[in-house]
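Just so you know, all these numbers are worked out from the coordinates, no wet-lab data involved. Predicted, not measured: the structure shown is a model, and the values here were computed from it. For neighbour counting, all protein chains shown are included, and Cβ atoms are generated from backbone atoms with ideal geometry for every residue, glycine included.
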Amino acid sequence: MEEIKDMQWTKEALEYFEGVPKFVKDWARQKIEMHAREKGKEVVTLEDVKEVYEMYKHGSH
């Protein structure tokens, strides 16, 4: 099995992510990074963070 390493994040994505409650940060980071990988990305952008937020906000996960 391939080891999955943390991805790089843009400054904007990290700043936005700071608003995520501490108790869900690990879970949210995994979901966001998985979403970005599925899109073929190597760096998490603000767009990725917002897309995942919208998916879970509206219950379409």
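Sorted on the mean count of surrounding Cβ atoms within 10 Å across their residues, most packed first, peptides 13-20, 31-38 read 31-38, 13-20. Short-range pairs are left out: with C-alpha atoms under 8 Å and at least six residues apart, the relative contact order of the chain is 44 percent. Taking other C-beta atoms within 10 Å as the exposure proxy, Asp26, Asp48 rank Asp26, Asp48 from fewest upward.
Between the amide H of Trp9 and those of Val44, distances stay under 5 Å, these residues lying 5 or more places away or on another chain, with hydrogens modeled in the peptide plane. Classify segment 22-61 as rounded, prolate or oblate, taking a ≥ b ≥ c as the square roots of the eigenvalues of its Cα gyration tensor: rounded when a/c is under 1.5, otherwise prolate if a/b is larger than b/c and oblate if not. Judged from the Cα gyration tensor, segment 22-61 comes out oblate (a/c at least 1.5, b/c at or above a/b).
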